[in-house]
Amino acid sequence: MSANDRSREIGEFTAAPDDDMIVCRCEEVTKGEIRRAIHDGMFNAHEVRRFLRCGMGLCQGQTCARLVKAIVARELGVSQGELEDATGRAPARPIEMRIFASERGRDE
Amino acid sequence: MTRYDLIVVGAGPSGLSAAAEAAANGLKVAVFDENARPGGQLFKQIHKFFGSKEHKAKLRGYDIGTELLKEAQEQGVEVYLNAVVAGLYADKEIVVRLGEKVAHFKGDTVIIATGASENMLTFEGWTLPGVMGAGAAQTMMNINRVKPGERVLMLGSGNVGLVVGFQLLQAGCELVALVDAAPRVGGYGVHAAKVARTGVPFYLSHTIVKAEGTDRVTGVTIGEVDSKWQVIPGSEKRFDVDTICIAVGLSSSTQLLKMAGCELAERAAGAGYLPVCSDVGETSISGLYAAGDVSGIEEASSAMLEGRIAGISAAGKLGFAAQEAVTARLATLTTALEALHEGMFAPKNRGKSVDKTEEGYDVSTNLLKKGYLADEEITKYPGVKSVSGIHPVIECTQNIPCNPCQDSCPKKCITVGGNIVTLPVFDEKAGCIGCGQCIAACSGQAIFLVNEDIGDGLAAVTIPSEFLPLPEKGERGAALDRAGNVIGTAEVTDVKSVKSFDHTNLVTFTVPKELGMRARFWRKGAAI
Amino acid sequence: MSNVSDVIVIGAGIIGNATAYFLTKKGLKVTVLEKSEYIGNGGSSRNGGGVRQSGRHPAELPLVMYGVKNYWPTLSEELGTDVEYYQEGNLRLGKTPEHIKTLEGLTNSAAAGGLDVRMIDYDEARAICPYLSDEVIGASWCPTDGHANPLLATLAYYRAARRNGARFISGAEVVEIKKVAGRARKVVTTDGVYEADAIVLTAGLESNRILESVGLRVPMNPALLECLVTEDSPPLFYQMLGTAMADFYGHQSKHGSFVFGGTTGFEPYTTLGKTPPATSSSAPGTCRGIIKYFPILKDLKIVRTWAGWMDDCMDHIPVIDAPEEVPGLVIGCGFSGHGFGISPTAAVILSQLAVGENTVLDISKFKYDRFKVRT
């Protein structure tokens, strides 16, 4: 664990030509939105995810988690290794409520 | 709640190996896999594997899968398919989706062998249909028998990019370019060479600038990158393609381990967060193991050994196997695994550039930059000697863990030696009889039989061929050199398809004498 | 940068962030210290998002009513972030006469506190939410209840406070509070010592570990809270939902997904560890509950489940106080799993306590000394 001063200087947000590029396909979050959120104080992929929903869609960040982390690292000027991974939560794959509700061996 | 001695999640190479190993020691074992078929990536792997006999070298992935599945079944392993493990909870309990229900199971030990998923890369147009992971393209071709596209660009020169690139060619796709942002080919030179000799251009230090298209990919632009990975203006090149394959690495599928609360850490820069494991794959949670790609990206041969190591360890932990037996078995398995970790592609060398082989030969920079060895370089290596009569030409120039060529030669012409990564040496005195076993045994398709002078100003060259349809005897086509350039006309004089060659066909053609040490591919049609 | 500020807030959950926000609005120099690497990583990011007045403890009712009147409807505008607040009412559903009796009890008590809440029959409930199962026989209805997105609200307060100049330091674990000449003044962390004229402690369950250093203790225990979220669905209904049995509660979010919380009965028997452990039995039970009341949702896919710890206080209401025993210290903890809805009000009061102002509401029910053994 390392102290992270959220008031430290990370430079102004400057628009980039690829800001319109979609990074999270499930929730349609763009690179520009992610970069802007970082400059708004979301200094790690968890906060970016909670702020923008990237990685919260059907695939639960299986594709974009790594991409978002790379953007955060680059924007903050830190190595990706300094940023913790996305959490793992059940279900590993989306499951319909009716299926979750019917447990094998339970009286119907 | 159903309880097992061991629950394995993932029926790929490591999971099935773990299950078979544990069940052979008397454990009641269940394996859960979300797919309809077991085997994980093995059944997609139509190429021959590297390694030695103990690693099932020179067998094709799908045959290894079949063998492994049979072994697991014979040992009484219960395999649940279409079984999505939704969560791993306290006390090693899993919740599994089985059909229209969920079920709870507990294991006294659990081995997570969930493998990995493909990394993606973003560029303008990356979300267009037609941009796909190389692994996805491989599944389409080799499992679903669907051609991913007609004209394909492959990004990534690691083994996945090279192997899938070759398989795209086998499936009848045109591979317009093989591109990598790195300045050197990342995968085995032999994999690169077999792609390059078909005429596929390699663009190292290049990346994708953009994919074009409205509803799907219709073209792609690549550009050369500078030392800071920025595209150099003016270096752009454009290709008409309908498919872009991305092979930029894999990420371990660690979700279940994270759910369980295992400790994860970044072991090496850029390697991503991986479970912190003991020598036998046990995580920070006692009795919970990780094996195969989920514990760090390697390849299927290592995954199988890691699975067995975890399997026998679980057997020892639960008292099914005596400690001495476990120790002995672990020693064997560890030695085999260590052999795979030797050579210039060893995990410890990742990210480093190795310039000399262990024997002191220079590694060909052509091979690393263009995917093929230059004509003048080839004779520097110990597997290549220009002698009279028929003889093998072993174009194996990097230290990789592989030795089936040595065992294949009935005349003992080829020696790798005790160190599995040593370059094969051709002994011209042993007396090659031209049987061709070495060609079929070489998983890298890097061995050729050449008779540099058969009279009439001709040389005879025998190459491995895994392209269908095979040429006809007497058919004239183009001779291609290692770079894939047409260098002359070649007439097929023999086509050998023998069961023991296991689908590697031996095509012999004649070329003008001076091309005997240069011609390495035969293409249908005129030599233009 | 100097480590001396006017006020230190310990804990960057929604209460701490909102307190910091109100303090910066007073023009004060504020430092917020957070143990986790992440802002709002505790209950603030793990709750069901209810901004609910009905079903509240009578003591908390004025706090939440004040917030619903003065803060929630304008919060998105004020903070410059859409916190996805919906004021579409709360339906608390019953399927049996016993359920109805429970609902009537809750309704009467809330109505006595001045809340607009009443019992309605199946037809009226069905007119409000046409997707109810016909097993429902009645409900309590509070039209001014609602819900918001707790992830966004927590980060919105953080963002606004940070913009106003509050200094947030994450990954700084507080080791102890030190008094200087009889007044709480220094905060020793794993990242150095910080100093301020007042210290506001809003660290949830962690508060007791810190309070120990000044000889205080709030009687609270960890209790697990488990939630799940579905894939997005076209808009169906935006009421906050609950049941008489409290077997589940939840709502549809602006995004289209449904967020539900559920209970198993095992919540108080959790073991504290690094991460709150989701249990294997929670999601199936919650899904069964939901489907019985809302059969239309049965094919929606669950994409994620999670758990959090609540700081469950002995009497299930928080401590919001500047205890006389330790001048300079303000405590806001023990929110017992219903802190989200009252967070703006609680925070404004904490900010007032920190600077010695009169509070907007009476806090006598939340005083620390209520736990003193009476003699």
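Pairwise alpha-carbon distances in the protein assembly as shown exceed 43 Å for 45% of all pairs. Burial annotation for the range B:71-113: residues with an accessible-area loss of at least 30 Å² between the isolated chain and the complete set of protein chains, computed on heavy atoms with a 1.4 Å probe, are B:V84, B:A86, B:Y89, B:R97, B:E100, B:K101, B:V102, B:H104. For B:L423, neighbours were defined as the other residues whose beta-carbon sits under 14 Å from its Cβ, and their charges (Lys and Arg +1, Asp and Glu -1) total -4.
Interface residues of the range C:144-183, defined as a loss of at least 50 Å² in heavy-atom accessible area between the chain alone and the complex of all protein chains with a 1.4 Å probe, are C:L151, C:L155, C:Y158, C:R159, C:R162, C:S170.
Taking every DSSP bridge with both residues inside the protein assembly as shown, close to 70 percent are antiparallel. Of the DSSP H helices in chain B, those that are both long (alpha-carbon extent of 18 Å or more along the helix axis) and hydrophobic (Kyte-Doolittle mean at least -1.0) are B:61-74, B:300-317, B:323-340. Working from the Cα coordinates of chain C, the gyration tensor eigenvalues give, after taking √(5λ), semi-axes of 36, 21, 19 Å in decreasing order.
Under 8 Å for C-alpha pairs, at least 6 residues apart: give me the relative contact order for the range C:132-268, rounded to a whole percent. Could the numbers behind the result be given before it?
Numbers: 155 pairs, mean separation 22.5, N = 137.
Answer for the range C:132-268 is 16 percent.
Probing with 1.4 Å while keeping every protein chain in the model, the per residue accessible area of the protein assembly as shown equals 39 Å². Each pair of Cα atoms in the range B:378-523 enters the Kirkwood radius, and Stokes-Einstein at 20 °C and 1.002 mPa s then converts it into a translational diffusion coefficient of 141 µm²/s. Just in the range B:127-203: which trypsin sites (Lys or Arg not before Pro) are loop by DSSP and have at most 11 other Cβ atoms within 10 Å? In loop regions of the range B:127-203 (DSSP not H, G, I, E or B), the sparsely surrounded trypsin sites (Lys or Arg not before Pro) are B:R145. Candidates C:A246, C:L236, B:A478 compared by Cα position along the dipole of the protein assembly as shown: farthest toward the positive end lies B:A478, with charges placed on Cβ. With every protein chain in place and a 1.4 angstrom probe, the accessible-area ranking of C:M1, B:M132, largest first, reads C:M1, B:M132. FRET efficiency for the C:A112 to C:D82 pair, using the beta carbon distance and R₀ = 41 Å, is estimated at 0.70. Hey, what did the range C:1-132 get for relative contact order, percent, Cα under 8 Å, at least 6 apart? For the range C:1-132, the relative contact order is 18 percent. Using a 1.4 angstrom probe on protein heavy atoms only, the contact between A and B buries about 2800 square angstrom of accessible area, both sides summed.
Rounded to the nearest 10 degrees, the angle from helix C:14-25 to the longest Cα principal axis of chain C is 60 degrees.
What is the magnitude of the charge dipole of chain A about its Cα centre, with +1 placed on the Cβ of each Lys and Arg, -1 on the Cβ of each Asp and Glu, and no other charges, expressed in debye to the nearest 20?
About 280 debye.
When the solvent-accessible area of the range B:378-523 is split by element, carbon and sulfur atoms take up 52 percent of it, the probe being 1.4 Å. Enter the buried accessible area of the A/C pair, total of both sides, probe 1.4 Å, in Å² rounded to the nearest 100. That pair hides around 3900 Å² of surface in total.
Based on C-alpha pairs under 8 angstrom that are at least 6 apart in sequence, the range B:86-146 has a relative contact order of 17 percent.
For the range C:166-223, the square roots of the Cα gyration tensor eigenvalues, ordered a ≥ b ≥ c, give a/c of at least 1.5 with a/b no greater than b/c, which places it in the oblate category. Which FRET efficiency, nearest 0.05, do C:S133 and C:S364 yield, Cβ-Cβ r, R0 51 Å? The value I calculate is 0.75. FRET efficiency for the B:I433 to B:D453 pair, using the beta carbon distance and R₀ = 22 Å, is estimated at 0.80.
For C:T264 and C:K298 in the same chain, what is the full-extension length gain: residue separation times 0.36 nm, less their Cα-Cα distance, in nm?
Result: 10.3 nm gained on full extension.
Element breakdown for the range A:21-60 at a 1.4 angstrom probe: carbon and sulfur atoms account for 48% of the accessible area. With the whole protein complex present, B:H191 retains an accessible surface near 10 Å², based on a 1.4 Å probe. Accessible area buried by the pairing of B and C, both sides summed with a 1.4 Å probe, works out to roughly 400 Å².
Proximity of backbone amide H atoms, modeled 1.01 Å from N, is registered between B:I285 and B:E263 at under 5 Å, excluding neighbours fewer than 5 places apart on the same chain.
Of the solvent-accessible surface of the range B:120-246, computed with a 1.4 Å probe and all protein chains present, 51% belongs to carbon and sulfur. The accessible-area loss of the range C:260-277 on complex formation, taken against its chain alone with a 1.4 Å probe, reaches 10 Å² or more at C:T275.
In a reduced charge model with +1 at each Lys and Arg Cβ and -1 at each Asp and Glu Cβ, the range B:120-246 shows a dipole moment near 360 debye about its Cα centre.
Length gained on full extension, B:T127 to B:K228, computed as 0.36 nm times the residue gap minus the Cα-Cα distance: 33.8 nm. In the complete set of protein chains, residue-level accessible area for A:R106 is approximately 120 Å², probe 1.4 angstrom.
Here, the range B:120-246 is characterised by an Rg to Rh ratio of 0.94, where Rg is the alpha-carbon radius of gyration and Rh the Kirkwood radius.
The values are calculated or read from the model by the stated rules, or taken from the named source; none is laboratory data. Remember, predicted model here, so these are calculated numbers, not experimental data. Note that each Cβ is placed from the backbone with ideal geometry, even for glycine, and that neighbours are counted across all protein chains shown. Heavy atoms of the whole protein, side chains included, go into the accessibility calculation; ligands, DNA and RNA do not. Shrake-Rupley method; radii C 1.70, N 1.55, O 1.52, S 1.80 Å.
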